């Protein structure tokens with residue numbers, strides 16, 4: 001499988017390159033291409049004494065230098081510059097031109113900055129809406145060695161988790177980690193003021209039991225014997241807390257491809273995970289092509 005690693009020439013893509021290096025250490029057969037997208041900027045050309053071709057070659061040199069200077073142990077077959085109107089268009093084009101199966105992109109906010117208001121950059125947000133392929137979103141300050149725990153599949157037990165399950169099983173096998181399935185159940189907090197404390201506790205207990213039964217049915221339907229956990233609370237927080245307890249190395253989730261309007265009325269759990277997690281989050285399109293699902 002070929003991973004397209006987005007290079008922004010800043011430290012935002014350092015985590016993406018470290019994640020690529022981690023995959024390479026655990027799965028040497030995986031392939032990687034580094035891509036920097038050059039977008040139209042009239043001011044850039046007016047301030048430069050280079051021709052367009054000279055400027056492109058100069059940027060290519062910067063991109064190659066950025067990979068070399070980071071010093072990560074990853075076999076990048078090629079570093080290239082693609083010209084496009086937007087970053088997401090260029091990276092999507094790279095999937096086709098380079099024969100890529102998945103993208104690896106950096107996140108705006110470091111994992112160490114809990115107070116950052118903007119956590120995903122504009123390109124990352126638009127890519128997560130379009131989902132042209134599986135997309136790994138990585139914090140810029142990711143450590144070179146990921147936690148020693150499992151690959152976590154976060155599932156809502158719905159159709160969006162089908163392709164994610166296929167990808168997660170293959171990815172966990174490829175990198176040699178256990179696969180753990182996590183399902184979150186929630187009870188609306190607004191109900192708490194209307195019911196007695198013992199009834200509220202009972203509602204939580206019943207929701208957890210119902211979630212356990214539904215998850216067991218889902219696992220059985222998919223003939224999956226992986227360890228499974230049911231967590232409670234806000235979905236994103238519950239999944240991230242489970243990842244922390246398990247020392248998870250990666251979390252994988254399915255995307256519902258919510259539009260901008262849809263996101264106003266229905267939050268994207270995957271987007272929240274990608275924005276907040278301290279580990280890489282791989283989002284999977286609901287209908288991932290067969291080739292994109294083949295991790296090895």
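Since every read-out is calculated from the coordinates, none of them should be taken as a lab result. This one's a predicted model, so the numbers in the text were calculated from it and none came from an experiment. Counting neighbours? That spans all protein chains shown, and the Cβs are built from the backbone with ideal geometry, glycine included.
What the table shows:
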{"read-out": "Separation of alpha-carbon centers, region 60-84 and region 214-255, rounded to whole Å", "value": "35 Å"}
{"read-out": "Length released on extending from residue 224 to residue 173, taking residue separation times 0.36 nm less the Cα-Cα span", "value": "17.0 nm"}
{"read-out": "Compactness of region 35-155 as Cα Rg over 2.2 N^0.38 Å, two decimals", "value": "1.20"}
{"read-out": "Residue order, fewest to most beta carbons within 10 Å, for 215, 157", "value": "157, 215"}
{"read-out": "Stretchable slack from residue 122 to residue 11, in nm (0.36 nm times residue separation minus alpha-carbon distance)", "value": "38.3 nm"}
{"read-out": "Exposure proxy order (Cβ contacts within 10 Å, fewest to most) of 14, 26, 183", "value": "26, 14, 183"}
{"read-out": "Inter-probe distance in nm under a simple model that places probes 7 Å from Cα toward Cβ, at residue 50 and residue 245", "value": "5.2 nm"}
{"read-out": "Cβ-based exposure ranking for 156, 68, in which fewest neighbours within 10 Å come first", "value": "68, 156"}
{"read-out": "FRET efficiency for residue 73 and residue 213, using Cβ-Cβ distance with R0 set to 30 Å, rounded to 0.05", "value": "0.10"}
